[in-house]
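Encoded as structure tokens, the structure appears first; notes follow it.
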Amino acid sequence: MKKTFVNYEQLNEIVKKYPTPFHLYDEKGIRQNARALKKAFEWNKGFKEYFAVKATPNPTILKILKEEGFGVDCSSYTELMMSEKVGFKGDEIMFSSNVTPKEDFIYARKLDAIINLDDITHIDFLDKVAGIPETISCRYNPGGEFLINNAIMDTPGDAKYGFTKPQLIEGFKILIKKGVKEFGLHAFLASNTIANEYYPVLAKKLFETSVELKKETGAHITFINLSGGIGIPYHPDQQKADIFSVGKGVKEAFEEILVPAGMSDVSIYTELGRFVLGPYGCLVSRAIHEKHIHKDYIGLDACAANLMRPAIYGAYHHITVMGKENEPCDYKYDVTGGLCENNDKFAIDRMLPKIDIGDLIVIHDTGAHGFAMGYNYNGKLRSAEVLLKENGETQLIRRAETPEDYFATLEI
Ligand SMILES: Cc1ncc(COP(=O)(O)O)c(C=O)c1O
């Protein structure tokens with residue numbers, strides 16, 4: 001059974017202060033998990049996690065992660081701004097973008113962030129708009145399918161990201177001529193993968209490619225960025241990735257490939273979002289309507305504008321009806337929001353306890369790519385974000401949007 005990180009009594013107190021819907025984050029869980037991740041990779045002297053800001057772009061959350069020793073991975077101008085405001089500097093910032101506007105590169109260079117280039121043509125583009133730094137990273141796309149034990153995990157061949165292998169070799173040579181002294185190599189080849197083998201298989205591929213690049217170009221590769229992609233068990237039947245087994249698998253590949261190639265000084269970087277924040281956030285909402293036509297519906301005060309994943313990916317998010325955790329799940333519901341879109345459903349044909357109007361409904365695992373993907377369709381407003389602190393107190397870390405916010409950019 002999946003458990004919420006707040007209990008019924010606690011949540012009843014919290015909703016007295018903050019009207020539903022809102023996203024709630026668990027500081028204790030975030031910190032414990034962050035420490036486990038660091039421990040799993042402590043064998044690597046230069047290990048650093050660059051939290052993917054796009055997953056949970058909130059300064060208070062970023063501050064917590066900074067205190068835990070993490071850097072940030074930014075993909076846009078405003079993510080760079082937020083990171084700068086929180087106090088991240090220089091090589092604490094990774095800039096992994098694609099189809100990058102020139103203003104973004106200029107800003108990343110101003111902050112002295114590490115730039116991770118998405119394409120060979122970006123070498124000249126960056127050189128023209130902001131100059132080439134002495135340390136740079138390139139994103140690799142090997143094409144084809146990404147397999148783990150012969151199972152297809154994803155299809156990089158269809159992905160718009162990265163350099164091909166020949167482009168990497170050519171690109172590294174050009175960059176050396178342009179004065180680059182230290183290189184990084186990056187790849188993100190499968191998303192939301194809970195298999196413990198994901199990072200080790202990816203690491204092996206990147207380590208082998210690095211050895212080849214060093215041989216072909218003489219480049220000094222100082223870091224390898226395994227990016228994001230470690231998944232979380234959204235469904236109660238799934239198992240959490242064992243981060244210690246993941247770390248051990250990467251270490252084995254490191255010792256097998258990089259150490260004999262004289263590359264034992266390589267630092268391992270990660271850009272995890274979902275694994276770092278996903279389970280430590282939830283969407284708190286209330287049942288405000290029920291409807292019985294050809295199916296039985298429960299309507300919430302939250303909608304896909306607050307959590308888009310079920311609507312766009314058909315993603316499973318577990319639901320707990322608070323206070324009814326131990327009641328039998330003998331009612332079948334579609335749990336919906338109020339958008340004029342029939343895919344605005346948090347759950348379809350879900351067996352749940354009988355839901356009454358006013359019940360508090362918790363939608364699990366919204367800590368990453370949850371609030372962040374929110375939007376204003378149907379004039380719906382983005383919700384608040386609340387932090388449940390380690391000491392049990394709560395803090396409003398983003399207020400809910402108001403109609404004034406919605407109208408702020410309009411000429412009337
Ligand atoms: C470049 C890059 N790095 C890291 C991440 C984080 O991925 P995840 O949250 O799946 O770990 C993403 C997500 O889209 C990404 O695009």
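Listed values, structure above:
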{"quantity": "Matching residues in the stretch 247-305 - criterion: being touching a Gly at 6+ places or on another chain (Cβ under 8 Å), within 30 Å of Val211 (Cα to Cα), within 16 Å of the ligand (Cβ to nearest atom) and not in a strand (DSSP E or B)", "calculated": "Glu271, Leu272, Gly273, Arg274, Phe275"}
{"quantity": "Given (1) assigned by TED's automatic domain parsing to the domain that holds Ile221; (2) within 16 Å of the ligand (Cβ to nearest atom), number of the condition Met308 does not satisfy", "calculated": "(1)"}
{"quantity": "Sole residue being crowded, with 21+ Cβ neighbours inside 10 Å and either closer than 30 Å to Ala40 by Cβ or charged (D, E, K, R) (or both), chosen from Val266, Val259", "calculated": "Val266"}
{"quantity": "Hits in the stretch 348-382 - residues which are touching a helix residue (DSSP H, G or I) at 6+ places or on another chain (Cβ under 7 Å) and of a type in the set (S, T, N, Q)", "calculated": "Asn376"}
{"quantity": "Count of the stretch 196-213 residues which are assigned to a helix (DSSP H, G or I), closer than 21 Å to Leu37 by Cα and open to solvent by 10 Å² or more (accessible area, probe 1.4 Å)", "calculated": "3"}
{"quantity": "Which listed residue, of Ile348, Ile357, is surrounded by fewer than 18 Cβ atoms within 10 Å (Cβ to Cβ) and over 28 Å from the mean Cα position of the chain (by Cα)", "calculated": "Ile357"}
{"quantity": "Residues of the stretch 317-332 classified as within 22 Å of Ala304 (Cβ to Cβ) and part of a loop (DSSP other than H, G, I, E, B), total", "calculated": "3"}
{"quantity": "Members of the stretch 55-110 that are open to solvent by 20 Å² or more (accessible area, probe 1.4 Å), more than 19 Å from the chain's Cα centre (by Cα) and among the hydrophobic types (A, V, I, L, M, F, W, C)", "calculated": "Val99, Ile106"}
{"quantity": "Residue in the stretch 174-192 that is open to solvent by less than 10 Å² (accessible area, probe 1.4 Å), farther than 19 Å from Arg274 by Cα and in contact (Cβ under 8 Å) with a residue 60 or more places away in the chain present", "calculated": "yes"}
{"quantity": "Pairs with Cβ under 8 Å, 6+ apart, first in the stretch 65-84 and basic (Lys, Arg), second more than 16 Å from the ligand (Cβ to nearest atom)", "calculated": "Lys66/Val86; Lys66/Gly87"}
{"quantity": "Matching residues in the stretch 79-126 - criterion: being of a type in the set (Asp, Glu) and either modelled with pLDDT under 95 or away from the ligand (no atom under 16 Å from the Cβ) (or both)", "calculated": "Glu84, Asp91, Glu103, Asp112, Asp124"}
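The values are calculated or read from the model by the stated rules, or taken from the named source; none is laboratory data. Not measured: the values here are computed from a predicted model. Cβ atoms come from the backbone with ideal geometry, glycine included; neighbour counts cover every protein chain shown. The accessibility values were calculated without ligands, DNA or RNA, using every heavy atom of the protein model including side chains. Shrake-Rupley method; radii C 1.70, N 1.55, O 1.52, S 1.80 Å.
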